Amino acid sequence: MKFFVDTADIADIKDLASTGLLDGVTTNPSLIAKSGRNFLEVVEEICGIVEGPVSAEVTALDVDTMLAEGRKLAKLAKNIAVKVPLTWDGLKACKVLTGEGTMVNVTLCFSANQALLAAKAGATFISPFIGRLDDINLDGMELIHEIRTIYDNYDYATQILAASIRTANHVKEVAMLGADVATVPPAVLRSLVNHPLTDKGLEQFLADWKKTGQKIL
Ligand code: G3P
């Protein structure tokens, strides 16, 4: 499974990219606002840090302006994935932009039928929002399962990019359900390595090693 980080914070992106385990970045207008940076500048900078896809979202609602915005974003770097909302205009823009060779991430997906439409429109990524479904007492994981089944039934190449991930358990569950990508907030991504028995075991090994009086280097 690929890991994207869901942030526009450059320090976090650089730090996580240094692990060699980061496959891409997703941003959205809320994350750009949180960064306090100029949208085009920060997205271009992110594209220079990671080789994989960097999602940058259009803000227009009509297809013509979405296309103009998407084409401008796509010119920033080769690894831009233009993010469009799951509306009819967004789907039309998706079809045109993918036809032009641009990666497209269709976002704000909350149903399997929406995901089916995005695949038919040639989306590179579909972004089902797990946490926001859970927030209203619906089942985000059930949605991942439904989309996986539908995409496999028809061999759609659209990658399932599980978004709105809030916990380490969310990451494990979407991996078990066969999501292609998880986009994860920096703190949750860092937390995946944690286990108290790892810490305890390491402490014991190091204490015993010290008793031997030996050194490797
Ligand atoms: O990037 C979209 C998504 O990951 C947002 O997550 O936590 O704001 O629902 P959240």
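The values are calculated or read from the model by the stated rules, or taken from the named source; none is laboratory data. Fair warning: this is a prediction, and the values are worked out from it, not measured in the lab. Here the Cβ is made from the backbone with ideal geometry for all residues, glycine too, and neighbour counts use every protein chain on show.
Residue under question is ALA60, and the condition is that it be free of Cβ contacts under 8 Å to residues at least 40 places away in the same chain and either under 17 Å from VAL25 (Cβ atoms) or in a helix (DSSP H, G or I) (or both); does it hold? No. Within the stretch 19-39, the residues that satisfy the criterion of being over 11 Å from the mean Cα position of the chain (by Cα), within 16 Å of the ligand (Cβ to nearest atom) and hydroxyl-bearing (Ser, Thr, Tyr) are SER30, SER35. Among residues of the stretch 155-170 being among the hydrophobic types (A, V, I, L, M, F, W, C) and assigned to a loop (DSSP other than H, G, I, E, B), the one that is nearest to the chain's Cα centre (by Cα) is ILE165. Annotation: of all residues in the stretch 123-154 being surrounded by fewer than 23 Cβ atoms within 10 Å (Cβ to Cβ) and assigned to a loop (DSSP other than H, G, I, E, B), the one that is nearest to the ligand (Cβ to nearest atom) is ILE136. Tell me, which residue of the stretch 160-173 that is away from the ligand (no atom under 13 Å from the Cβ) and surrounded by fewer than 18 Cβ atoms within 10 Å (Cβ to Cβ) is nearest to PRO185 (Cα to Cα)? By that ranking, first place goes to ALA168.
Out of GLY90, GLY70, one residue alone is assigned to a helix (DSSP H, G or I), within 16 Å of the ligand (Cβ to nearest atom) and not hydrophobic (A, V, I, L, M, F, W, C). It is GLY90. Looking at the stretch 174-185, is at least one residue within 14 Å of the ligand (Cβ to nearest atom), free of Cβ contacts under 8 Å to residues at least 40 places away in the same chain and part of a helix (DSSP H, G or I)? No, because not a single residue in the stretch 174-185 is within 14 Å of the ligand (Cβ to nearest atom), free of Cβ contacts under 8 Å to residues at least 40 places away in the same chain and part of a helix (DSSP H, G or I). Taking first residues from the stretch 111-130 that are among the aromatic types (Phe, Trp, Tyr) and partners that are within 15 Å of the ligand (Cβ to nearest atom) and assigned to a loop (DSSP other than H, G, I, E, B), the Cβ contacts under 6 Å between residues at least 6 apart in sequence or on separate chains come to PHE129/SER164.
Among the residues of the stretch 93-104, the one identified as part of a strand (DSSP E or B) and within 15 Å of VAL63 (Cα to Cα) is VAL104.
LEU16 - would you say it is away from the ligand (no atom under 13 Å from the Cβ), modelled with pLDDT of 95 or more, crowded, with 17+ Cβ neighbours inside 10 Å and not in a helix (DSSP H, G or I)? Answer is no for this residue.
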